[in-house]
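Enquirer: Sharing a structure below in structure tokens format, with a few things to ask.
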DNA sequence: TTTATAGTTCGACAACTTTGAAAGTGTCTG
DNA sequence: CAGACACTTTCAAAGTTGTCGAACTATAAA
């Protein structure tokens, strides 16, 4: 595995290694699942992804940036809201990393 | 996603979030790949998995324990050597987390 | 313009992580 | 047994992370 690939993957795994960040990401992934398998992008408001999370706004903001920096999600503003979407490329990379087991 | 599942997954992702640990695990995965897809277990000596790693023995020992604690690998002693194997259950869990994307 | 909503930036701090030096254990080989 | 080998344990230094309070920006609604 290339050095660059290792760096990209460790960043992604680190981003998923915190319970609150993982929950945030999994909430987004769950809501996006149907659209992803159909090859479409799914947009969610950040405010809608916080159901199970018991952390303050500054912490959420920090976690979102880590997920973004790890290229697991993309974001853009829509008025008052931050819109989050899964980055399908990274999902593909992670999925292919692990073999299909008999 | 259940609380227990979240805990198990964050542990696995944390274990893969360090470059040296990821490299170690990927070395093992690469050597195990053919056996895994055929439904077999593959055994490697730890000493054989250290090709690209520039870290001391105590650090290796620590990293192996983290991978083991995360249920990504299993180990047992064989004389002087530590034998490492991929845990196929965890690979399956990780693989199914991410959807197949069109 | 005032108020409310949604998120960001900054600064701080406790907790955790990575790493290696030194010393230790168990196993094989001569 | 003596030495080498492969790993482990303990300890401590240096660095990183998760979190929050306080203050901030941007947008929308009244």
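Enquirer: Quick check, is residue B:40 part of a helix (DSSP H, G or I), more than 16 Å from DNA strand C (Cβ to nearest atom) and without any contact (Cβ under 8 Å) to a residue 12 or more places away in the chain?
Expert: No, not satisfied.
Enquirer: In segment A:72-88, is there at least one residue being away from DNA strand C (no atom under 16 Å from the Cβ), at positive phi, outside any strand (DSSP E or B) and modelled with pLDDT of 95 or more?
Expert: no
Enquirer: I would also like to ask the following. Quick one: is residue B:23 in contact with a helix residue (DSSP H, G or I) (Cβ under 9 Å, 6 or more places away or on another chain) and either closer than 28 Å to residue A:36 by Cα or in contact (Cβ under 8 Å) with a residue 60 or more places away in the chain (or both)?
Expert: no
Enquirer: Next up: Specify which of the listed residues (B:34, B:22) is more than 8 Å from chain A (Cβ to nearest Cβ) and in a helix (DSSP H, G or I).
Expert: Numbers: B:22 fails: more than 8 Å from chain A (Cβ to nearest Cβ).
Result: B:34 is the single residue among B:34, B:22 that is more than 8 Å from chain A (Cβ to nearest Cβ) and in a helix (DSSP H, G or I).
Enquirer: OK, next. Sort out which residues of segment A:51-67 are out of contact with any strand residue (DSSP E or B) (no Cβ under 6 Å at 6 or more places or on another chain) and either outside any helix (DSSP H, G or I) or more than 7 Å from DNA strand C (Cβ to nearest atom) (or both), and write them in order of number.
Expert: A:51, A:52, A:53, A:54, A:55, A:56, A:59, A:63, A:66
Enquirer: So, of the residues in segment B:76-102 that are in contact with a helix residue (DSSP H, G or I) (Cβ under 6 Å, 6 or more places away or on another chain) and more than 14 Å from chain A (Cβ to nearest Cβ), which turns out to be nearest to residue B:40 (Cα to Cα)?
Expert: Residue satisfying both the conditions and the ranking: B:84.
The values are calculated or read from the model by the stated rules, or taken from the named source; none is laboratory data. In this text, all values refer to a predicted model and were calculated from it rather than measured experimentally. A quick note on method: Cβ atoms are made from the backbone with ideal geometry, for glycine too, and the neighbour counts reach across all protein chains shown.
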